[in-house]
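A quick write-up on the structure given underneath.
The values are calculated or read from the model by the stated rules, or taken from the named source; none is laboratory data. Quantities reported herein were computed from a predicted structural model and do not represent experimental measurements. Counting neighbours? That spans all protein chains shown, and the Cβs are built from the backbone with ideal geometry, glycine included.
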Amino acid sequence: MRHVAMVIPGVDRIGGAERQAILLAKGLRRRRWRVTLVALAGSGGAAAEELHSAGIEFLSLQMRHGLLDPCGWVRFNRWLWREQPDVVHAHLPHAAWLARWSRLAAPVPVVIDTLHSSATGPLRRHAGYALSRWLPDQVTAVSNATAAAHSAARMVSDLQLKVIPNGVETSAWRADPHVRAEARRELGVNDEFVWLAVGRLEAVKDYPVLLAAMAILPRRARLVVLGDGPLEWQLVLLSRKLGLERRVRFMGFDSAVHRWMQAADGLVLASRYEGLPMVLLEAGACGVPVVATNVAGTRELVVNGETGWLACGDGADALAAVLHRVMRLPAEERRAMGERARRLVYKHYAMKAVLDQWEELYDDLLERKTARGKRLSFTRQSPTHA
């Protein structure tokens, strides 16, 4: 049985990259791969239990001081020597650097890392990728925008860069009117228009602009926010300052995104930058219309006026104008928009097709390594001729 190790900074807090890594792990396990998810830190929480129940091994390296923790490097290298996975597939920068440099001390046939954001980060990240770009066999990006940004920054060679998009389990996101009715009862809404926002409460998601836009919208507009993070109390206080305490609900982190997606009339994403947002794939699979900021990555999923709307200006006024426009649409037009988004997701981002691409890449890289090893062995054993 072939063995793949998914390496990621942690899964105690779940964002888009973590959700995708878990989906890949579960999908590959169903396809008879042995799968281990290796977290640099944390206990894994509920995600570790979910992985175990799916037959996936979970290992935390307990790196309390990040990559500066030598004990974590030793644990990982010992694990590589003992288990000898066929593929090490890393997600996000710290995991990528651990996977890359560890292959100098342990036998790893194939190393891949995946870029999840179109933001290239500070100079030290540029240096980290540039200095180690000779180590992985393949670098992948979740979107064309992500690939272009990292290529332009010379953090990765175009020759080793490939785009494989995020995927979503479409069957798990079908619209369900019974779940919708129950969730809306729990929210205490009837004819109100419910916007859903999903994501970590961090600066990149630009929740202050979203809250300011909500203050401009008619009073029947409601906002449900799923996520936690360092800006939570600042956002709660801002919501009160704007007089939105009865119109905005901060639900904290909730893994049952599907339930609240069903309750929503629309999804809003106010991010400053993105890679290929999982939540837009999930909204599309649910047939929920979307309003998002016009940023790289998002533009690859939202066809303006067809599968959703892009706020083309900056600031709360521009976002509020597009949100209000969608609210004024007849219900049948919103449903038609959601249906177009659903067809787009099913056609290009269904998990089955994405897993096919990953297996094809894994197999190709492993075959190349095997063929190269045979050539080297033959060369060494061939007799010399005078």
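Summary table below
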read-out: Residue within segment 13-35 that is of a type in the set (A, V, I, L, M, F, W, C), over 26 Å from S143 (Cα atoms) and either in contact with a strand residue (DSSP E or B) (Cβ under 9 Å, 6 or more places away or on another chain) or not assigned by TED's automatic domain parsing to the domain that holds S143 (or both) present; value: no
read-out: Members of segment 15-32 found to be in a loop (DSSP other than H, G, I, E, B) and out of contact with any Asp or Glu (no Cβ under 8 Å at 6 or more places or on another chain), listed by number; value: G15, R32
read-out: First in segment 152-180 and in contact (Cβ under 8 Å) with a residue 60 or more places away in the chain and among the acidic types (D, E), second anywhere and loosely packed, with under 15 Cβ neighbours inside 10 Å and part of a helix (DSSP H, G or I), Cβ under 9 Å, 6 or more apart; value: E169/K352
read-out: Filtered residue count, segment 161-182, keeping only those that are part of a helix (DSSP H, G or I) and closer than 28 Å to K347 by Cβ; value: 8
read-out: Number of the exception - A25 against (1) among the hydrophobic types (A, V, I, L, M, F, W, C); (2) under 24 Å from D356 (Cβ atoms); (3) touching a residue at least 40 places away in the same chain (Cβ under 8 Å); value: (3)
read-out: Selection status of R343, more than 14 Å from L210 (Cβ to Cβ), assigned to a loop (DSSP other than H, G, I, E, B) and without any contact (Cβ under 8 Å) to a residue 24 or more places away in the chain; value: no
read-out: Matching entry among S132, S157 (being surrounded by fewer than 20 Cβ atoms within 10 Å (Cβ to Cβ), outside the structural domain of L280 (by TED's automatic domain parsing), modelled with pLDDT under 95 and in contact with a Lys or Arg (Cβ under 7 Å, 6 or more places away or on another chain)); value: S157
read-out: Condition met for E333 (under 30 Å from R2 (Cβ atoms), assigned to a helix (DSSP H, G or I) and among the charged types (D, E, K, R)); value: no
read-out: In segment 202-218, residue farthest from V291 (Cα to Cα) [restricted to those that are assigned to a loop (DSSP other than H, G, I, E, B) and modelled with pLDDT of 95 or more]; value: P218
read-out: Residues of segment 99-116 classified as over 21 Å from Q20 (Cα atoms) and either without any contact (Cβ under 8 Å) to a residue 60 or more places away in the chain or part of a strand (DSSP E or B) (or both), total; value: 8
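Residue-by-condition table, conditions (1) of a type in the set (F, W, Y); (2) at pLDDT 95 or above; (3) surrounded by fewer than 24 Cβ atoms within 10 Å (Cβ to Cβ); (4) within 22 Å of P218 (Cβ to Cβ):
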| position | (1), (2), (3), (4) |
| --- | --- |
| R272 | no, no, yes, no |
| V295 | no, no, yes, no |
| V302 | no, no, no, no |
| T307 | no, no, yes, no |
| A311 | no, no, no, yes |
| H324 | no, yes, yes, yes |
